[in-house]
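Student: Once you've had a glance at the structure underneath, I'll fire off some questions.
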Amino acid sequence: MGESHTPYKTLGNHLKYVREQSSQSLLEVSGAVEIDQQRLERIEAGIERPAEDILLLLISHFGVADREAVQLWELAEYDSDMPDQIKPEGLEAELSSKNIVMLVGFDTRTIYSDGLDVIWNDTGMTLNFTQTTAPGQNLPVAKVGMSHEQAERVVNTLQQAMLRAKYLGDKKLLPPSAGSSS
């Protein structure tokens, strides 16, 4: 099939990619948005442009992010205006009128490293902890940035902890930072 037979190839490829990233079959997605599986295949092949309401259903079904939704709409080359629910300003207005709860995961597992790269500039430094996975291959396992002053405190604390461990056999945790209360 030539380019003239697949005028929406880029749109189709993008929709297929989004579907595959969500680990869903053609049958699952076509059932969710209530279109024939063959029609969805033609849309993903770039042969057929989805109707505006079908594209909106696909965007909603996959939970496509703002910019990607706008990009999909533009790839479809509709003559009508972009719907408010995918317009960037429509999304901002919608989000600003709602309470947003953000959960940040915190991993308390200990990560062991056998390497360290230090990058510094006038404002501070970044410690890149690595682990050797194979000869000559280092995998980054943690990255910590800090001011020069904080770096000095870390060095002093580490020296004290190493002396305690060496001479006292002390397995005490490091002292809390100056800004925290215990």
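Student: When the chain is fully extended, how far beyond the present Cα-Cα distance does ALA161 get from THR126, taking 0.36 nm per residue of separation?
Tutor: Values: separation 35, 0.36 × 35 = 12.60 nm, distance 2.15 nm.
Full extension from ALA161 to THR126 adds 10.5 nm.
Student: Using a 7 Å offset from the Cα along the Cα-to-Cβ direction at both LYS143 and GLU77, what is the distance between the two label points in nm, to one decimal?
Tutor: It is 4.0 nm.
Student: Straight distance only, please: which aspartates and glutamates reach the Cα of LYS9 with their own Cα at less than 15 Å, same-chain residues fewer than 8 apart left out?
Tutor: Answer for LYS9, where 15 Å is the Cα cut-off: GLU41, GLU44, GLU48, GLU74, GLU77, listed by chain and number.
Student: Ok, one more. Determine the sum of side-chain charges near VAL33: Lys and Arg each +1, Asp and Glu each -1, restricted to other residues whose C-beta is under 12 angstrom from that of VAL33. Write down the numbers at each step before the final one.
Tutor: Working: positive: ARG19, ARG39; negative: GLU28, GLU34, ASP36, ASP53.
My count for the surroundings of VAL33 gives -2.
Read the figures in this text as sums done on the coordinates, not as results from a lab. Just so you know, these numbers come straight off a predicted model, no measurement behind them. We place every Cβ from the backbone using ideal geometry, glycine too, and count neighbours over all the protein chains shown.
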